[in-house]
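As structure tokens, the structure follows; a few thoughts come after it.
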Amino acid sequence: MDFQIALLLAQDGVVNGAVYALLALALVLVFSVTRVIFVPQGEFVAFGALSMAAIAGGRTPGTLWLLLVLAALAIVVEAWRARRGLAVDWRSTLVWAVAFPALAALLALVVKPTAQWAQALATLVLITPLGPLLYRIAFRPLADATVLSLLIVAVAMHGVLVGLGLYFFGAEGSRTASFSDSRLDVSGIVVTGQSLVVVGTTLVLSALLFAFFERTIVGKALRATAINRVGARLMGIPTALAGDLSFALAAMIGAVSGLLIAPITTVYYDTGFLMGLKGFVAAIIGGLASYPIAMAGAVLVGLLESFSAFWASALKEVIVFTLIIPVLLWRSLKSRHVEEDE
Amino acid sequence: MNRRHVVIAAIVALAAAWPFLGEFSVTLLCYIGLYSMVAAGLVMLTGVAGMTSFGQAAFVGLGAYATAWASTSALLSSSLGLAAGSALLPWAGLALGLAITGAVAWGLGAVTLRLSGHYLPLATIAWGLSLYYLFGNLDFLGGHTGLGGIPALTVFGVSLASTRSLGLAIWAVLLLALWALHNLLDSREGRAIRALKSGRVMAESMGVNTAGQRVKVFVLAALLAALSGWLYAHMQRFVNPTPFNLNLGIEYLFMAVIGGSGHLWGAVLGATVITLMKQYLQDWLPTLLGASGSFETIVFGLLMLIVLQRFADGLWPAIARAANRWLKPVPPPRLPPPVALPTTAAAPAGQVVLEARAVTKRFGGLVANNAVDLDVKAGEIHALIGPNGAGKSTFFNMISGVDDPTEGRVHLLGRDMGGRPSRAFAALGLGRTFQHVRLLGTRSVLDNVALGAHRRGRRGWLAAMLRLDRAEEAALLAEARRQIERCGLGAQAAALDLAPRLAGRDAAARPRRGGRAARRGAAPDRALRPGRPGRHAGCIAAARAAAHRGDRTRARRTPVPAAARRAGRGPAASREARAGTAALAIAQRGLGHPRRRARHGVRHEPRRPHHGARLRHRHRPRHAARSAGRPESAGGLPRR
Amino acid sequence: MKLLNKKTVVALAASLAAAAALADINVGVTLSATGPAASLGIPEKNTIALMPQKIGNEKVNYIVLDDASDTTTAVSNTRKLITEQKVDVIIGSTVTPNSLAMIDVVSEAKTPMISMAASARIVEPVDDKKRWVFKTPQNDIMMATAIADHMAANGVKTVGFVGFADAYGEGWFQEFTKAAQAKGLTIAANERYNRTDTSVTSQALKLMSVKPDVVLVAGSGTPAALPQKTLKERGYAGKFYQTHGVANNDFLRVGGKDVEGTLLPAGPVLVASQLPDGHPVKKSALAYIEKYEAANGKGSVSTFGAHAWDAGLLFERAAGEALKKAKPGTPEFRTALRDALEQVKDLPGAHGVFTMSPTDHLGLDQRGRVMVTIDSGAWKLMP
């Protein structure tokens, strides 16, 4: 392996790592606010990519029907809660269960955009409301359950979404057109425009999220909920809003990831699982709490993957997952874990 | 008719109906039995000991592949001197499988069980996937295509080739395993295992080797999985890597959680529900929804979601609650006469038992304790008082071994305890209670107190599983009862026992004098909520500490000192004043009321041993200024 | 709770058994409609829906179960079909490990089985157990020799191999190694990747570093396009060979421009319309294509579905013979069915002409294989 190959491998690792980093960001975000280890994050990626492919191919993506069904279900759930006398935030319900789905239906069925950016936008509008709707239907009723119960619910949801993915999109995968066809030549190494788009988008999105969490009041409210739910509620922060928002952000990040990878690889209905797993590895390296370390972990996983695939491609997974364990050990020993009472 | 009778009746009915069941029902029962074995191990690991593992499927694979290779390998049969199709080869495979799995589990456990919190489940995913891909890459194991031609089992000349006969073996093994696990949980070691979930600090101060216990539980779960794998290989007679993938690992965890992760029968229930549900969906969905799509996974996932929303604790607790409405409670076990428990000899009065010299603790730049000296003599009571943030808990942690001083030495009974864990302190007779009383909320008062006597028992895992520890258990429980009486809680212990809630004695379980915590904790599906123990919790904790030491004075009713009563905590400390105790009890409680606190930091003074003494304020500041408002925590660690 | 469930299952079994015993012919099918092999299993499932509903005077019931590409489920399905539904024949499964695992069950129950999986190990060598097992897909070795022949004839010396990290890739490597050795070719690299991998750049770089004359991709379905696209992107200039596993139109869709000029062996059904008119397979292949596309849309035909179709044809011919000897639902019928299957001669199917024998339970010969290339986004038969 000479230097050039090493550079190419590193480039590949960084690009893959960037996508894993986005997944890790979403996972850390959702966990820190709602204590849900959101296994189906990978499904958002797959749905985003495949919906984009469907829209680009002039077909109506099946995720639209899922969205409409979930929206109806969410409205029913909120109405039932209102009848039982619980506090219902109709404004946010209207946004997630009526406004977004209506807009998505409009774009997908009536407008049928042909410009790539418009199609991407339509995909984002389609996938983002799935997050808060799933939260309201499946996770919010269990807000006080143990982390293990929430994890199992997330796993069950993952099964449902994978099955739906197969039903909507079939067993064969799809690709989309790349955002940028340019190829740069940097000292003999070919750097595709698409990979620059991927890394660039990851950095921009991370920076935006950083600004959001540090500078805006809503972001700070989310962080407050993550640190102490009860305290946040006492300060008047509606924790249901926090749940909605974190899931919406996660879904949006997932959709963006899907849009980014669809041009560079074929996406299948079950691509999400393994990707989500690697994002999960990165999130755990960050202790499910720290964003920068999670992103660093993601790049590490990407690099490990690409280098071990070069050395022994049949044993790639063995190497990657075995080498993760010392990293976990190191991280675990570094962070003194405060015992979480059951 | 109580619960035990129902279980026995069900087993007898199953055995009686076995020859008459349909062929496929028998096959299903075989699969249910195999999955239940793995799920039972997971119940022990995840539900009881609190370690989530997704990697059990890999251990099943180890067991299956070991016997697959052993039964078909010409190399092994020739080296053992057996004929190629010998009936002994599967048993060699069993031995090999258990040995390899035990070794791998022990190694993996030693490394990954150090991981705390969320690192552990991920590590289990990591090596679960590693092992799966390893199986697929080894040619002598058949690679991805698999290894076939595995012979059937033969037991004493009887061939278990048919599913009907093998199923009997599977269920016999399963029921035996469940019996052994039940015995284990119902013993001294079982109490220690249960303590692993909700706080290792408390368990360590009672003398439990938590790290060792965790590895042992992990290896136990792995061995159960390997056993299941062995039986699977000889049932299917073909192994390939796909049944040992992460998906199956997740499904086993599913079964444990759906069934009820804290209950052994929950494992069987979960395996049954999931297996049968998959079959029913396969049979009925195509007629309902048309054969065009594959809706089974979707409907299955939706059903699981609904079940989890309704029964967050799993199905078994709900079913047990419903059944216990018309079942009588299980009578307490009849134990043989107790043996004598070892007690430590009392140190002569006046001898220094605990000595701290220039103990300093720094957290980064913060000095929590600065060159503190302390002498505690046998027979005296020392009070350490100070306002919030003074460093009392930190100091307690150091003289009880939970933490190590940055500088200085601690001697207990003349021995230098530098760097020793709290287990070592406990072994020398130190007992400790905590400010945040660490009770096991789902266990009875008796169990909580009996945990304190852990160190005084000797019987280990094997003895517990085989029920050879009953005399010692009787002694430990008798000791626990005695300590509860000493604390004056004897009459109320049964009322406080919210754990029998599960046995249906809801009405009796509500305490007559509703403690505010008991009421708050009386949510329908919860027992004692940890962290809100109520005013009797202090007594329970003290009783636990006393059981650890074997305090022997008669219980006497004494009025509670005013200060302690106003602080709302138990009266145990004053009783200890009269006990010619062998070693030291460290009772830790916050004093609460600001005006009672001394103004200038921590001080210690010998307290005159009669009740009603007022605390004297000596103005001898011996301790560095405390940080402003640092929240007190028993661990003494700075919060992140 | 357990008692209740057992009773229900027993009652279900009894009622189903009663229903099935009404002298209908019952065909049990287990295939992988979900999981990693879904792209193979779904066309097969669609094809089962097109199979004949009546043979002679007897009604035929098809009971289709999904095994999710998992061996345990495949075996469990087989047991269920045999003991609950009392089927006369089993068609399945889609992938090799599942089929291998099912051999023990069907041989114990003395029920014939027609597999739709690739490996020759399923039917060779014919022994006591495997005498009950037949298969319809061409053996990998047949396809591998076609590729090796073509390579040798075109002056290729070194081959880079990149395949799936599963039973398909593994089996293909073993078979191709044999074929390559016979023709004096050297396999310069042996790389693997997962079906769900999003990037094979590392494998591509490794392949390119050994500079093989050609690259053979051993994958099935659209994931097989990934290495080819990556290598093209990295500037690899040599020729590509694929396996018959990619023979569906989705591969063309996903591969796009990058798969132009690829060479692969395939069953004749892929290019049925281009076969010369006298070709023995043309008529039967076209008949299948017409039927499948009428039900599932133009251009949707897949060679995997065609394997299921061939299984159906074999079964139809054999059942016609067996009905003369015994009634359906009896062990004699099943034995007669097995014997009849073994005696099938010159049956034109979608993939070739089947002639079974006691030592050959596949029955395909050179007419079951053609070399195809991709030209202007379509399959083109090579002479």
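Observations on the model:
Residue-by-condition table, conditions (1) under 23 Å from residue C:353 (Cα atoms); (2) assigned to a strand (DSSP E or B); (3) in contact with a helix residue (DSSP H, G or I) (Cβ under 7 Å, 6 or more places away or on another chain); (4) not aromatic (Phe, Trp, Tyr):
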| site | (1), (2), (3), (4) |
| --- | --- |
| C:223 | no, no, no, yes |
| C:245 | yes, no, yes, yes |
| C:250 | no, no, yes, yes |
| C:255 | no, no, yes, yes |
| C:283 | yes, no, no, yes |
| C:289 | yes, no, yes, yes |
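- For region C:59-97, residues that are under 23 Å from residue C:288 (Cα atoms), in contact (Cβ under 8 Å) with a residue 40 or more places away in the chain and not aliphatic (A, V, I, L, M) total 4.
- Qualifying residue in region C:302-325 (condition: touching a Phe, Trp or Tyr at 6+ places or on another chain (Cβ under 6 Å), in contact (Cβ under 8 Å) with a residue 12 or more places away in the chain and not in a helix (DSSP H, G or I)): no
- Of residues in region C:97-111 being out of contact with any Lys or Arg (no Cβ under 7 Å at 6 or more places or on another chain) and crowded, with 24+ Cβ neighbours inside 10 Å, the one farthest from the other protein chains (Cβ to nearest Cβ): C:106
- Here residue A:2 meets each of (1) within 14 Å of another protein chain (Cβ to nearest Cβ); (2) in contact with a Pro (Cβ under 8 Å, 6 or more places away or on another chain) with one exception, condition (2).
- Single match in B:323, B:318 (criterion: within 14 Å of another protein chain (Cβ to nearest Cβ), of a type in the set (Gly, Ala, Ser) and in contact with a Phe, Trp or Tyr (Cβ under 6 Å, 6 or more places away or on another chain)): B:318
Residue-by-condition table, conditions (1) crowded, with 24+ Cβ neighbours inside 10 Å; (2) aliphatic (A, V, I, L, M); (3) at pLDDT 90 or above; (4) in a loop (DSSP other than H, G, I, E, B):
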| position | (1), (2), (3), (4) |
| --- | --- |
| A:247 | yes, no, yes, no |
| A:252 | no, yes, yes, no |
| A:260 | yes, yes, yes, no |
| A:274 | no, yes, no, no |
| A:277 | no, yes, no, no |
| A:280 | yes, no, no, no |
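- Contacts under 6 angstrom Cβ, first residue in region B:1-30 being more than 8 Å from every other protein chain (Cβ to nearest Cβ), partner of a type in the set (Ser, Thr, Tyr), 6 or more apart: B:26/B:163; B:30/B:163
- Residues located in region B:103-159, provided they are aliphatic (A, V, I, L, M) and not in a helix (DSSP H, G or I): B:113, B:115, B:138, B:147, B:150, B:152, B:153, B:155, B:158
- Exactly one residue among B:53, B:36, B:77 is without any contact (Cβ under 8 Å) to a residue 24 or more places away in the chain and hydroxyl-bearing (Ser, Thr, Tyr), and that residue is B:77.
- Scope region A:226-252; condition in contact with a Ser or Thr (Cβ under 9 Å, 6 or more places away or on another chain) and of a type in the set (S, T, N, Q); matching residues: A:239, A:246
- When the test is whether a residue is surrounded by fewer than 17 Cβ atoms within 10 Å (Cβ to Cβ), farther than 30 Å from residue B:427 by Cα, modelled with pLDDT under 90 and not polar (S, T, N, Q), residue B:290 passes it.
- Lone qualifier among B:74, B:64 - being over 18 Å from residue B:217 (Cα atoms), crowded, with 23+ Cβ neighbours inside 10 Å and more than 14 Å from chain A (Cβ to nearest Cβ): B:64
- Residue count for region B:108-133, restricted to those that are over 24 Å from the mean Cα position of the chain (by Cα) and surrounded by fewer than 20 Cβ atoms within 10 Å (Cβ to Cβ): 0.
- Only one of C:91, C:42 that is within 12 Å of another protein chain (Cβ to nearest Cβ), within 13 Å of the chain's Cα centre (by Cα) and buried (at least 24 other Cβ atoms within 10 Å of the Cβ): C:42
For (1) closer than 17 Å to residue A:313 by Cβ; (2) part of a loop (DSSP other than H, G, I, E, B); (3) without any contact (Cβ under 8 Å) to a residue 60 or more places away in the chain, each residue gets a yes or a no:
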| position | (1), (2), (3) |
| --- | --- |
| C:162 | yes, no, no |
| C:173 | yes, no, yes |
| C:188 | yes, no, yes |
| C:197 | yes, yes, yes |
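- Residues in region C:326-359 that are aliphatic (A, V, I, L, M), in contact (Cβ under 8 Å) with a residue 40 or more places away in the chain and within 21 Å of residue C:279 (Cα to Cα): C:350, C:353, C:356.
- Among the residues of this structure, residue C:69 counts as one that is within 13 Å of chain B (Cβ to nearest Cβ), modelled with pLDDT under 90 and under 29 Å from residue C:254 (Cβ atoms).
- Counted residues, region A:316-328 - those being more than 9 Å from chain C (Cβ to nearest Cβ) and either of a type in the set (Asp, Glu) or buried (at least 18 other Cβ atoms within 10 Å of the Cβ) (or both): 9
Residues checked against (1) closer than 30 Å to residue B:413 by Cα; (2) surrounded by fewer than 20 Cβ atoms within 10 Å (Cβ to Cβ):
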position: B:259; (1), (2): no, no
position: B:268; (1), (2): no, no
position: B:271; (1), (2): no, no
position: B:285; (1), (2): no, yes
position: B:298; (1), (2): no, no
position: B:325; (1), (2): no, yes
position: B:328; (1), (2): no, yes
position: B:349; (1), (2): yes, yes
position: B:361; (1), (2): yes, no
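- Residue that is more than 26 Å from residue C:152 (Cβ to Cβ), surrounded by fewer than 22 Cβ atoms within 10 Å (Cβ to Cβ) and touching a strand residue (DSSP E or B) at 6+ places or on another chain (Cβ under 9 Å), where the choices are C:284, C:300: C:300
- Selection from region C:171-199 of residues that are within 16 Å of residue C:221 (Cα to Cα) and within 13 Å of chain A (Cβ to nearest Cβ): C:192, C:193, C:194, C:195, C:196, C:197, C:198
- Of A:87, A:118, A:177, A:108, all but one fail to be away from chain B (no Cβ under 14 Å) and buried (at least 23 other Cβ atoms within 10 Å of the Cβ); the exception is A:108.
- Test: residue in region A:128-137 that is out of contact with any strand residue (DSSP E or B) (no Cβ under 9 Å at 6 or more places or on another chain), away from every other protein chain (no Cβ under 14 Å), surrounded by 14 or more Cβ atoms within 10 Å (Cβ to Cβ) and farther than 30 Å from residue B:52 by Cα: yes
- Restricting region C:127-165 to residues that are crowded, with 23+ Cβ neighbours inside 10 Å and among the charged types (D, E, K, R), the residue that is farthest from residue C:183 (Cα to Cα) is C:135.
- Among the residues of region B:395-412, those that are part of a strand (DSSP E or B) and surrounded by 20 or more Cβ atoms within 10 Å (Cβ to Cβ) comprise B:410, B:412.
The values are calculated or read from the model by the stated rules, or taken from the named source; none is laboratory data. These numbers were taken from a predicted model, which means no experiment stands behind them. Every residue, glycine as well, gets a Cβ built from its backbone with ideal geometry; the counts of neighbours run over all protein chains shown.
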